[in-house]
1. Mind listing whichever residues of region 30-74 are buried (at least 21 other Cβ atoms within 10 Å of the Cβ), closer than 22 Å to residue 148 by Cα and touching a helix residue (DSSP H, G or I) at 6+ places or on another chain (Cβ under 6 Å)?
2. Tally the residues that are part of a helix (DSSP H, G or I) and over 16 Å from residue 180 (Cα atoms), restricting the search to region 94-122.
3. When the residues of region 1-29 are narrowed to those that are farther than 14 Å from residue 57 by Cβ and touching a helix residue (DSSP H, G or I) at 6+ places or on another chain (Cβ under 7 Å), which ends up surrounded by the most Cβ atoms within 10 Å (Cβ to Cβ)?
4. Kindly check whether there is at least one residue in region 197-204 that is farther than 23 Å from residue 107 by Cα and touching a strand residue (DSSP E or B) at 6+ places or on another chain (Cβ under 7 Å).
5. Test of understanding: among 125, 136, which residue is in contact with a strand residue (DSSP E or B) (Cβ under 8 Å, 6 or more places away or on another chain), modelled with pLDDT under 95 and either assigned to a helix (DSSP H, G or I) or surrounded by fewer than 24 Cβ atoms within 10 Å (Cβ to Cβ) (or both)?
């Protein structure tokens, strides 16, 4: 399986030791037990796949940018994705989740409070492409790192909400048949999240920053997220074959 990673932002120079956003996804996805091949385009820097570049699926990363902006790279990304929606599976993570909802008719807005810390997202629906019923997924849900100030306030038409919380109702969604999105960051390591929380302490607020930092040692359901993503992609690739 070849996944085209559309990198929607770049890391700050002082955080280079953590790697680029795209580099966090192969280790995440391989937790599902399947090897993946990736190609990366830094779309926020103006790179997009050429017509001859073929991938089985596409993945949009997080970003420090806001999905409510209309920078030239964001418009170009939308135009790249439009003919592929409904034809090829697409995964959106955090910014990618918001970008996909907005481009497909939903609404994204800045919130009063930040989504930070290891947050819990209760599973509300088990999708039919998930093998084996997976009752455990319903019982446990997802505990994953969050880092966002914007969020989806009105889902795109045709959305199924798979998991969410009171604070973030659209935590994990499926839009139509070919788009799966996560508002939290299953790929993000707690030590990197801690760096960002401290950097944004003044904007987040000191009490909320401290509460978020205190959650980062909790167990995270990164493997479960990887299994959902890979099951979704495998389902579509098997049907295509």
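1. Residues satisfying the conditions are 43, 44, 60, 61, 62, 63, 67.
2. Count: 0.
3. Looking at the filtered set, the residue picked out is 8.
4. Yes: region 197-204 contains one or more residues that are farther than 23 Å from residue 107 by Cα and touching a strand residue (DSSP E or B) at 6+ places or on another chain (Cβ under 7 Å).
5. Result: 125 is the single residue among 125, 136 that is in contact with a strand residue (DSSP E or B) (Cβ under 8 Å, 6 or more places away or on another chain), modelled with pLDDT under 95 and either assigned to a helix (DSSP H, G or I) or surrounded by fewer than 24 Cβ atoms within 10 Å (Cβ to Cβ) (or both).
The values are calculated or read from the model by the stated rules, or taken from the named source; none is laboratory data. Keep in mind that this is a model prediction, so the values were computed, not measured. So basically every Cβ, Gly included, is an ideal-geometry build from the backbone, and we count neighbours across all protein chains shown.
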